[in-house]
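Structure first, commentary second.
The values are calculated or read from the model by the stated rules, or taken from the named source; none is laboratory data. Quantities reported herein were computed from a predicted structural model and do not represent experimental measurements. Using ideal geometry, Cβ is built from the backbone for each residue, glycine included, and neighbour counts are taken over all protein chains shown.
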Amino acid sequence: MRLLLAAALLLVADVAAANDVAIALTDDLIDIDAGFSGAKIVLFGVVTSDEPGAFPQHEFDIAAIVRGPATTFRMRPFEQRRLIWTPGPALDIEAPGVTLTLSTRPLPEIADPPLLDSLMLITSAERLADDVNPQSPRARARLAALGAPQVAAAFLAEARRRRLIVDSAGVVDFRKAGLFAIEVALPPTTPIGDYTAEVFLFRNRQLVSRDLASLSVRKVGIESAFYEFAHRRPLAYGVACVAFSVVAGLLAAAAFRRS
Amino acid sequence: MEKVLRPDATRLSMQLYLPIAEMPVDPLIIIAMGAAVGFLSGMFGVGGGFLMTPLLIFYGIPPAVAVGSEAAHIVASSVSGAAAHLRRRTVDLQIGAFLVAGGVFGALVGVVLFRYLRDRGQIDTFIALAYVVFLGLVGSLMLAESLRAIIREPKKSAPRRRRRTAWMSALPFAMRFRRSQLYISPIPPLLVGFSVGVLSGVMGVGGGFILIPAMIYILQMPTAVVIGTSLFQITFVTAVATISHAAANKTVDIVLAALLIIGGVIGAQLGVRLGARLKAEQLRALLALVVIAVCLRLLFELTLQPAAPFRMEAL
């Protein structure tokens, strides 16, 4: 499987330009079943070079970014009302459900911040600040008082804490002849939907090539059956839950009465 | 190096993915929590919903899912008791019908209130606050009662309970309730049922700890039918709460409820057997302390400044 993948990549890369990168994923469909506790996928790629001699691996840098489906995150600033801290008005931020960045070296060593920012490899609070949407007049006033960059920065901090945004450096495993592999760990709470994996090839702090792959995360089996039932026919699902509870309660009582 | 990486390669301990809560849990821990609360229920005859829901929240289950799924669990844990009391004819079906009618309406109102608060991001605070009040109340009453029993304060010989029902029979539509030998208006049972139903809808509890005192002291029902009638009411009302949560909020996780049912059944059986042998008062004091501890933990979470300045939620 792996050899086939590598061979296919080499074929694709052969017809391409001087320095090029091409990627493929071991799995483009991740199934969430009853035993799901996160997933590891391997992103395979090849860097081609038409220069004679040995492959100058050390001259290249690779940065990959895996993005989950677009998600609305609702941020509520805590407010103290008398003695109690309660979440305040809603400020929404659109962002990928997860963002995993994986690179050969820490990003600032690979390229300059403006380039990284234009490639969306780094998410700055300043850029994200434009996407903060207050959901009510009170939220608008609160946003004005707090400042959008501060809200965006709080979002980034919380997303990092929950490991929805993870940067890992030194995780690109170069094999011979420009072949490389990157292991991507999706968290247990990874959202369902369509993901993209984008890989950038840098040389001398400049972008030389990029490639894109996609994958889907979906629920399968009993997980999917319950989820679909609960969301498509909620009333029937509720009745079924009660029927299950009644039967389970009566059966358990009967079983223990006999013993 | 040629090992095949599969999606479950990161599995470390036993994990079960909950389809509605959308998170993996350790099923053994959930079962153990169900058993611990079931044990207390079996020993003391309390429902346990008021402990189960906060425990689930402490574990990390979203509060909304904890409330919805706990309602389904209570249906299972009360239905067999209700059936047994029906067989023994220790249920006042007449008053029960009014308690259920009020309770069903209350549960619907509770679920609507729940949804309103959830949409405004206030449900977690509200649930925590409601639990602080009720756990504080129940915990201190239990503690006081057991301490009194432990230091053997001579009980004043209670004067024969005289039934004060005149004000209830003066209300409109007064009627005779044969099983309880009462002549009262159905309005008080409707209102009692309604209040407990609201609690059930919002907090994911059966509400026995409110219902039973209310039936004894307000409705003046004979104690012989109180337990049976309350289980009868709780079974119906939590069933309606479960269905409404599923329909309106999509927060009933049947896998979570099933784990709690398994644990609860085992725990309750052990609790009943051990409860018969052990000295109850010390244990009751211990339970009271557990209840107060849970209450204090919730209170601290509400009043201490949160570590993060924002609450983040993925929609």
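Return a yes/no flag: does the range A:135-145 have any residue that is over 22 Å from residue B:123 (Cα atoms) and at pLDDT below 85. The answer is no, given that none of the residues of the range A:135-145 is over 22 Å from residue B:123 (Cα atoms) and at pLDDT below 85. Residues that are at pLDDT 85 or above and touching a Ser or Thr at 6+ places or on another chain (Cβ under 7 Å) do occur in the range B:45-64. Annotation note: of A:76, A:67, the sole residue that is over 30 Å from residue A:18 (Cβ atoms) and basic (Lys, Arg) is A:76. Scan B:282, B:233 and give me the residue that is surrounded by fewer than 16 Cβ atoms within 10 Å (Cβ to Cβ) and in contact (Cβ under 8 Å) with a residue 60 or more places away in the chain. Residue meeting the stated conditions: B:282. Set side by side, the residues A:153, A:181 differ, and just one is assigned to a helix (DSSP H, G or I) and either over 28 Å from residue A:218 (Cβ atoms) or touching a Phe, Trp or Tyr at 6+ places or on another chain (Cβ under 9 Å) (or both), which is A:153. Residues that are surrounded by fewer than 17 Cβ atoms within 10 Å (Cβ to Cβ) and more than 11 Å from chain B (Cβ to nearest Cβ) were ranked within the range A:155-165; the one that is farthest from the chain's Cα centre (by Cα) is A:160. Given the criteria at pLDDT 90 or above and more than 30 Å from residue A:22 (Cα to Cα), does residue A:238 qualify? When the stated conditions are applied, residue A:238 passes them. Does residue B:213 meet the test of being within 18 Å of the chain's Cα centre (by Cα), without any contact (Cβ under 8 Å) to a residue 12 or more places away in the chain and closer than 20 Å to residue B:130 by Cβ? Yes, satisfied.
What number of residues within the range A:44-81 are of a type in the set (Lys, Arg) and either exposed (fewer than 15 other Cβ atoms within 10 Å of the Cβ) or outside the structural domain of residue A:204 (by TED's automatic domain parsing) (or both)? Within the range A:44-81, residues that are of a type in the set (Lys, Arg) and either exposed (fewer than 15 other Cβ atoms within 10 Å of the Cβ) or outside the structural domain of residue A:204 (by TED's automatic domain parsing) (or both) number 1. Whether any residue in the range B:295-310 is buried (at least 20 other Cβ atoms within 10 Å of the Cβ), assigned to a helix (DSSP H, G or I) and modelled with pLDDT under 85 is what I want to check. Within the range B:295-310, not a single residue is buried (at least 20 other Cβ atoms within 10 Å of the Cβ), assigned to a helix (DSSP H, G or I) and modelled with pLDDT under 85. If the condition is being under 21 Å from residue B:246 (Cα atoms) and in a helix (DSSP H, G or I), then the range B:196-211 contributes B:196, B:197, B:198, B:199, B:200, B:201, B:202, B:203. The C-beta contact set for the range A:153-166 (first residue in the same structural domain as residue A:67 (by TED's automatic domain parsing), second residue of a type in the set (Gly, Ala, Ser) and assigned to a loop (DSSP other than H, G, I, E, B), distance under 6 angstrom, 6+ apart or interchain) comprises A:158/B:308.
Quick check, is residue B:265 at pLDDT below 90, among the aliphatic types (A, V, I, L, M) and within 16 Å of the chain's Cα centre (by Cα)?
The answer is yes for residue B:265.
Considering the conditions (1) without any contact (Cβ under 8 Å) to a residue 60 or more places away in the chain; (2) of a type in the set (Gly, Ala, Ser); (3) more than 11 Å from every other protein chain (Cβ to nearest Cβ), residue A:197 is excluded by exactly one of them, (1). Within the range A:41-65, the set of residues being at pLDDT 85 or above and among the charged types (D, E, K, R) comprises A:61 only.
For every residue, the table says whether it meets (1) over 13 Å from residue B:312 (Cα atoms); (2) not charged (D, E, K, R).
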position	(1), (2)
A:77	no, yes
A:124	yes, yes
A:133	yes, yes
A:136	yes, yes
A:141	yes, yes
A:161	no, no
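Would you call residue B:183 more than 25 Å from the chain's Cα centre (by Cα) and farther than 20 Å from residue B:82 by Cβ?
In short, yes.
Does residue A:142 satisfy the condition of being out of contact with any helix residue (DSSP H, G or I) (no Cβ under 7 Å at 6 or more places or on another chain), in contact (Cβ under 8 Å) with a residue 40 or more places away in the chain and over 25 Å from residue A:23 (Cα atoms)?
When the stated conditions are applied, residue A:142 passes them.
Is it the case that residue B:247 is at the interface with chain A (Cβ under 8 Å from one of its Cβ atoms) and either buried (at least 24 other Cβ atoms within 10 Å of the Cβ) or in contact with a Cys (Cβ under 7 Å, 6 or more places away or on another chain) (or both)? The answer is no for residue B:247.
Once the range A:200-227 is narrowed to residues that are within 11 Å of chain B (Cβ to nearest Cβ) and in a strand (DSSP E or B), the residue that is farthest from residue A:122 (Cα to Cα) is A:219. If we keep just the residues of the range A:86-101 that are closer than 22 Å to residue B:126 by Cβ and not in a loop (DSSP other than H, G, I, E, B), which is farthest from the chain's Cα centre (by Cα)? Top of the filtered list is A:86.
In summary, residue B:121 fulfils each of the numbered conditions (1) closer than 16 Å to residue B:198 by Cα; (2) not in a helix (DSSP H, G or I) with the single exception of condition (1).
The residue list B:85, B:73 contains one member that is of a type outside the set (D, E, K, R) and either farther than 26 Å from residue B:123 by Cα or not in a helix (DSSP H, G or I) (or both), which is B:85.
Among what's in the range B:41-56 and is surrounded by fewer than 23 Cβ atoms within 10 Å (Cβ to Cβ) and among the aliphatic types (A, V, I, L, M), pick the residue that is farthest from the other protein chains (Cβ to nearest Cβ). Applying the filter and picking the extreme gives B:55.
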